[in-house]
């Protein structure tokens, strides 16, 4: 479904005396994502996880220099196609809740998303209601303006927006931040079920434990580099199934797996 | 000894969150506090560290009421360090808000000298959380309330921060209340874990 080859992202900055510098933030990296699959992208903050998502949707800031190739269903994904498909064939669940329109009630925003993905005007209201209900949000939340929603509720509104249409590729950036374990589990289950119904899901998270229960494969990012892509089943025991020392360190640092601090870091 | 005696709290015109929270933490002890979200764990933590005034009951430090002026010997660390610092202050000013931090502490927390001139948004979440911890470690510190401090961090950063806090408890005799919904984390760091329902809502 999605093929990423040789992708790298740099930021152009001006230094002293109008010299121009490019700082590479991500890559080069290769990644593929198939229908029916949940790929978790895991890494510490600053590893470049969100940049990857924003590059797929073409929403990087203006000073970003992107090289490499993105292909969706075999066809190159250029800027025009990104703009045309965004919200239709592919949907992004952004990390920051400031991506909601502060002046529009939550239910109406989900209705917009349904309209964007091609649903008829008269169907939008019902679709929005059902999408919100799937994430445990009722009529009160639908009537609320974003400022009246808790962080976790706002995140679920954005998940409803991304899944209300028929997008085949869903990229969720930290979908469980700010959610209590029960609601986080519900969100992850829902992302899993979207993949099980034939969509491709990329889940960006720092929470390795949460990702492992729901993802097929886990891509580990560190300081802009793709360290390893391992099947979720490789994360067990002392991490013998993992190829890279960093992935093993991340696994062994979990409280349930020894809570070990890597020697180099301590 | 830090004690909560029959503590209760209600938001204005709201029903009481809890009315009878009782617990005691000894110096050097790491006590876990577990419970579902929205039940009042953070409110209890903020009462213990003087951020909120109790509606009922009392917070006692060595048998005397908590001092409300100057540096509070009970410091609160929150989930999102961005919300615990002034975004218009540079990191250097944040670090020395209570007293100048010891170089030894900064080194142990991996805080680089170059961060001093930066603003909070120029650090990552894990880096800023370490700054918030360093700020709390003034000489008068006796107890820490660590409220979901590593939820938003990756596993390695989480392990590093808790390795530091465990050492702090052992070496300086700082008592720590670790609030989390992550049982595995509490089992790894706490000497005993309390269920919020049992200590705050009565039988």
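None of the figures in this text is laboratory data; all of them are computed from the coordinates on show. These numbers come from a predicted model, not from an experiment. Please note: Cβ atoms are built from the backbone with ideal geometry, for glycine as well, and neighbour counts cover all protein chains shown.
Under a plain spin-label model, where a point goes 7 Å from the Cα along Cα-to-Cβ, how far apart in nm are residue B:121 and residue B:107?
Taking the simple label geometry, residue B:121 and residue B:107 are separated by 3.5 nm.
Helix-only estimate, please: 222 nm mean residue ellipticity of the protein assembly as shown, summing -39500 (n - 2.57) across DSSP H runs of length 4 or more and dividing by its residues, to the nearest 500.
-9000 deg cm²/dmol
I want the antiparallel fraction of DSSP beta bridges within the protein assembly as shown, as a percent rounded to 5.
Bridges in the protein assembly as shown are about 50 percent antiparallel.
For chain B, modelled as a Gaussian network with Cα springs under 10 Å, which listed residue fluctuates most, B:103, B:54, B:73?
For chain B, modelled as a Gaussian network with Cα springs under 10 Å, the answer is B:103.
Take every Cα pair under 8 Å in chain A that's 6+ residues apart, average their separations, divide by the length, and report that relative contact order as a whole percent.
This gives 23 percent for chain A.
Determine the distance separating the Cα centre of the stretch B:54-103 from the Cα centre of the stretch B:149-164; give it in Å without decimals.
Rounded to whole Å, the Cα centres lie 20 Å apart.
State the antiparallel share, in %, of DSSP beta bridges confined to chain B, rounding to the nearest 5.
Looking only at bridges with both residues in chain B, the antiparallel portion is about 45 percent.
Output the Kirkwood hydrodynamic radius of the stretch A:103-166, Cα pairs only, in Å rounded to one decimal.
In the stretch A:103-166 this quantity evaluates to 11.1 Å.
Once you put a point 7 Å from the Cα of residue A:209 and another 7 Å from the Cα of residue A:99, both along the Cβ direction, what distance in nm separates them?
2.6
Using bins 5 angstrom wide from zero, how does P(r) for the stretch A:163-235 break down, in % of all Cα pairs?
In order of increasing distance, the bins hold 3, 15, 27, 25, 18, 10, 2 percent.
Please give the length that would be gained between residue A:108 and residue A:73 if that part of the chain were fully extended, namely 0.36 nm times their separation in residues minus their C-alpha to C-alpha distance (nm, one decimal).
9.5 nm
Using only the Cα atoms of the stretch B:22-91, what do you get for the radius of gyration and for Dmax, in Å?
Every Cα atom of the stretch B:22-91 included, Rg and Dmax give 13.7, 39 Å.
If you fit an axis through the alpha-carbon atoms of helix B:125-136 and take the longest principal axis of the Cα set of chain B, what angle between them do you get, 0 to 90°, nearest 10?
Taking Cα atoms only, the helix is inclined about 70 degrees.
Provide the convex hull volume over Cα atoms per residue for the stretch A:43-97, in Å³.
Dividing the Cα hull volume of the stretch A:43-97 by its residues yields 113 Å³.
Evaluate the relative contact order of the stretch B:1-61 (contact order divided by residue number), counting alpha-carbon pairs under 8 angstrom at least 6 apart; express in whole percent.
Taking the mean separation of contacting Cα pairs over the length of the stretch B:1-61, I get 47 percent.
Using only the alpha-carbon atoms of the protein assembly as shown, report the extent along each of the three principal axes, biggest first, to the nearest angstrom.
71, 53, 50
For chain B, take the longest principal axis of its alpha carbons; what is the angle in degrees between that and the long axis of helix B:155-172, to the nearest 10 within 0 to 90?
80
Packing-wise, with mean Cβ within 10 Å as the measure, how do B:64-72, A:95-103, A:199-207 rank, highest first?
The most tightly packed comes first, giving A:199-207, A:95-103, B:64-72.
How many percent of DSSP beta bridges within chain A run antiparallel, rounded to 5?
60
Using only Cα atoms and rounding to the nearest 10 degrees, what angle (0 to 90) does helix A:151-163 make with the longest principal axis of chain A?
80
Compute from the Cα atoms of chain A the Rg and the Dmax, the latter being the longest Cα-Cα distance, and quote both in angstrom.
19.1, 60
Give me a single rounded figure for A:207-219: the average over its residues of other chain Cβ atoms within 10 Å of their Cβ.
What the average comes to for A:207-219 is 1.
Can you give me the convex hull volume of the Cα atoms of chain B, divided per residue and expressed in Å³?
121
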